[in-house]
Structures are given as structure tokens and as C-alpha cells.
1. Name the residue that is modelled with the lowest pLDDT, counting only residues in the stretch 81-111 that are in a loop (DSSP other than H, G, I, E, B) and surrounded by 14 or more Cβ atoms within 10 Å (Cβ to Cβ).
2. Inspect all residues belonging to the stretch 68-75 and state whether any of them is assigned to a loop (DSSP other than H, G, I, E, B), modelled with pLDDT of 80 or more and more than 25 Å from Lys49 (Cβ to Cβ).
3. Limited to the stretch 43-72, what total is found for residues that are in contact (Cβ under 8 Å) with a residue 24 or more places away in the chain, open to solvent by less than 40 Å² (accessible area, probe 1.4 Å) and either more than 15 Å from Asp27 (Cα to Cα) or among the basic types (Lys, Arg) (or both)?
4. Give me a count of the residues in the stretch 27-40 that are part of a helix (DSSP H, G or I) and open to solvent by less than 80 Å² (accessible area, probe 1.4 Å).
Amino acid sequence: MLFDTCRNQDGTNLTVIEGERGITIVDPLSSTEVARAALDLYNKHRGEKPLIAVILTHTHVDHYAGIRGIVDQADVDAGKTKIYAPEDFVEHAVSEGAMGLEQFFDFLSVRLNGPKAAGKKIVLNDAKAA
């Protein structure tokens, strides 16, 4: 099932994909507070489920800067929550000037594990980044 839980709260949408093992969130909005509010709204109406993945579709800051509002670093480190992003995600975001310095360091602190991909596909990141 798909749910747009935070349509136009900050000018973008956060989408929740409900599966048998938990939920996947696509594009966690532009701030931690709004992303957290969106996840709380979903949980209120659908019940709390494990976050198994986050998909970052592209490098516009309004589509990823809220990641820390929904992702627990311990779950990423333990492999419970996977982060998917296009190849060279961080490099493209920086070169496009899409990130403010604060959002950049906040984003990196989630440790996306160095996005790797074949072609332009979004794939699982399994290698730990420093």
C-alpha cells in the first residue's frame, strides 16, 4: 500500500510503502521536524511498523534533508534500515549546490554507507563509509 502522509506540509511529499516486513519511506522531506511529524501521522493512523528502508530519489535538499527525523542511526548500523540512493548521490548534491552546509553535515551523519550503483539504478548500500 502507498500513502502520501505529508502532502504539501513543506512543499514536497513523503511517501510510505507498506510491506509485510515493515515500511519503506521515499523522500523524507526537507527537515527533521516535518519528516518526524509525517511518520508520527502515519503511525497514528496505520500503527507503528519497522522502518526497513529509505529511498532517496534525487539530490534536491527538499527530498532528503529530513532523513534524521525518521532514521535511527543504530538501526542503519545494525542493518535493520537500509538506505538507497542514486550512484554518487553525495557528490552530485554538493556539486549542484543543493545543500546548505548544515544540511550536508546532518545528512552525512546518517552515514549513507557510500552509495554505489550499476548505471543509474537505485541500489542497496552495504559498504560502511567513514
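1. Only one residue tops the list, namely Arg111.
2. No, the stretch 68-75 contains no residue that is assigned to a loop (DSSP other than H, G, I, E, B), modelled with pLDDT of 80 or more and more than 25 Å from Lys49 (Cβ to Cβ).
3. Number of matching residues: 0.
4. 7
The values are calculated or read from the model by the stated rules, or taken from the named source; none is laboratory data. Here the structure is a predicted model, which is why all the values come from computation and not from measurement. When we count neighbours, we look across all protein chains shown, and the Cβ atoms used for this are built from the backbone with ideal geometry, even at glycine. To get the accessible areas, we keep the full protein, side chains included, count just its heavy atoms, and leave off ligands, DNA and RNA. Shrake-Rupley method; radii C 1.70, N 1.55, O 1.52, S 1.80 Å.
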